[in-house]
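Peer 1: Below is the structure I would like to discuss, written out as structure tokens.
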Amino acid sequence: MAGNSQRRNRRTSNKKGAQVGSGGKRRRGLEGKGPTPPASARKGHKKNRVANAQAKQAARRPVARRGGKGTSEMVVGRNPVFEALRDGVPASTLYVQQFIDNDERVREALQLATGRGNINIMEAPRPELDRMTNGLNHQGLVLQVPPYEYAHPEDLAAAAFDDGDEPLIVALDGVTDPRNLGAVVRSVSAFGGHGVVVPERRAAGMTAGAWKTSAGTAARTPVARATNLTRALESYQKAGLTVVGLAADGEHEVGDLEALGGPVVIVVGSEGKGLSRLVGETCDYLVRIPMPGGAESLNAGVAAGVVLYEAAKRRV
């Protein structure tokens with residue numbers, strides 16, 4: 001027994017002492033640190049400094065605000081649909097009644113819609129078209145006009161300043177006829193203006209009728225929508241624009257106002273009521289258009305055209 005104990009002790013004594021382990025540090029050190037990050041993500045690298053500068057610049061850049069969207073609209077009837085397509089009114093879908101009589105107007109409308117390349121053409125049974133148009137006499141053709149995307153009033157002046165121009169803007173107060181709005185858009189485009197502002201409520205919007213009257217100029221002349229027209233005009237004044245209102249009893253004649261040669265907002269009221277009280281009080285000047293013929297007033301489209309012509313003469 002003693003001999004066995006001695007042999008066990010000798011075996012034990014021959015073993016090395018306890019080893020202090022690395023705790024996996026060496027193994028983790030050999031595993032690597034993953035793929036090398038791109039230069040733009042490595043701190044201190046030139047590309048990293050450039051990327052950081054670009055990110056800061058983007059953060060400082062103002063976000064473009066929009067004036068919201070209008071509502072979609074349906075143009076119904078063979079002649080109205082044909083005229084809308086001919087005059088460039090934006091459209092998303094042309095609905096054609098199944099088994100429709102294929103007359104000249106239908107063929108022309110289909111050719112125009114096909115030529116656009118971005119209008120869906122769909123066949124639909126008559127009951128479906130009746131439902132879509134609430135029973136109107138659609139004559140087998142219905143054109144869907146998408147909602148108009150309005151600009152923000154401040155965008156109009158900002159875009160002009162960015163181009164090195166002095167803003168020339170028309171604001172409409174209480175104009176409810178879309179054809180008048182379309183005529184104003186056309187005049188603004190003709191005389192080098194930068195856009196039109198309309199109130200959000202109780203005012204004409206960019207409907208298919210306004211598009212048609214604008215004769216295609218609505219595609220390049222922005223229309224902005226203001227939640228509150230008075231506040232929008234005050235914002236323009238803070239930006240350095242002069243607000244000029246048209247009024248039958250204005251103190252100045254339109255041809256004598258030097259301010260029309262600078263950054264200006266021309267405010268046109270409705271044919272019957274003219275400018276509202278708050279809008280009139282906000283204007284820097286009230287001007288009148290002399291009318292030797294004795295007419296009491298002009299519609300908004302004609303009045304805006306006269307003043308825009310005077311402004312354009314001073315800017316040449």
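The values are calculated or read from the model by the stated rules, or taken from the named source; none is laboratory data. Note that the structure is predicted; figures quoted are calculated from it, not measured. Don't worry about glycine lacking a Cβ; one is built from the backbone with ideal geometry, like all the others, and counts go over all protein chains shown. Accessible surface areas use protein heavy atoms only, side chains included; no ligands, DNA or RNA. Shrake-Rupley method; radii C 1.70, N 1.55, O 1.52, S 1.80 Å.
Peer 1: Sort through R179, R202 and tell me the only one that's over 18 Å from the mean Cα position of the chain (by Cα) and part of a loop (DSSP other than H, G, I, E, B).
Peer 2: Working: R179 fails: part of a loop (DSSP other than H, G, I, E, B).
It is R202.
Peer 1: Which numbered condition trips up N118, out of (1) assigned to a loop (DSSP other than H, G, I, E, B); (2) in contact with a helix residue (DSSP H, G or I) (Cβ under 9 Å, 6 or more places away or on another chain)?
Peer 2: Just one mismatch for N118, condition (2).
Peer 1: Considering only residues that are closer than 24 Å to L298 by Cα, assigned to a strand (DSSP E or B) and not β-branched (V, I, T), which ones fall in region 135-176?
Peer 2: Hits for region 135-176 are L168, A171, L172, D173.
Peer 1: Let me ask something else. Being without any contact (Cβ under 8 Å) to a residue 60 or more places away in the chain, among the aliphatic types (A, V, I, L, M) and either buried (at least 18 other Cβ atoms within 10 Å of the Cβ) or not in a helix (DSSP H, G or I) (or both) narrows it down to one residue among L298, L308; which is it?
Peer 2: L298
Peer 1: So which residues in region 266-280 are surrounded by 14 or more Cβ atoms within 10 Å (Cβ to Cβ) and farther than 17 Å from G301 by Cβ? Even if it seems obvious, please write down each step before you answer.
Peer 2: So in region 266-280, the residues surrounded by 14 or more Cβ atoms within 10 Å (Cβ to Cβ) come out as 266-271, 274-276, 279-280.
Listed by number, the residues that qualify are S276, V279, G280.
Peer 1: Would you point out the residue of region 102-136, among those that are open to solvent by 50 Å² or more (accessible area, probe 1.4 Å), over 32 Å from the mean Cα position of the chain (by Cα) and of a type outside the set (D, E), that is farthest from R86 (Cα to Cα)?
Peer 2: P127
Peer 1: Polar (S, T, N, Q) and without any contact (Cβ under 8 Å) to a residue 60 or more places away in the chain, is that true of T207?
Peer 2: no
Peer 1: Search region 218-234 for residues that are hydroxyl-bearing (S, T, Y) and pair each with any residue that is part of a loop (DSSP other than H, G, I, E, B) when their beta-carbon atoms are under 6 Å apart and the residues are at least 6 apart or on different chains.
Peer 2: So the pair list comes out as T227/E200.
Peer 1: When residues of region 213-227 are filtered for being more than 13 Å from the chain's Cα centre (by Cα) and either under 17 Å from G305 (Cα atoms) or at pLDDT below 90 (or both), how many remain?
Peer 2: So the count comes out to 5.
Peer 1: So, one more: In region 225-253, what residues are over 16 Å from L275 (Cα atoms), open to solvent by less than 50 Å² (accessible area, probe 1.4 Å) and part of a helix (DSSP H, G or I)?
Peer 2: If the condition is that a residue be over 16 Å from L275 (Cα atoms), open to solvent by less than 50 Å² (accessible area, probe 1.4 Å) and part of a helix (DSSP H, G or I), then S235, Y236 are the ones that fit.
Peer 1: Related question: Tally up the residues in region 281-295 that are within 21 Å of A157 (Cβ to Cβ) and either surrounded by fewer than 17 Cβ atoms within 10 Å (Cβ to Cβ) or in contact with a strand residue (DSSP E or B) (Cβ under 6 Å, 6 or more places away or on another chain) (or both), please.
Peer 2: 4
Peer 1: Looking at region 88-103, I want the residues that are without any contact (Cβ under 8 Å) to a residue 40 or more places away in the chain and have a partner that is among the charged types (D, E, K, R) and open to solvent by 40 Å² or more (accessible area, probe 1.4 Å) with Cβ atoms under 6 Å, at least 6 apart or on another chain. Which pairs are those?
Peer 2: Every condition considered, the pairs that remain are Q98/E123.
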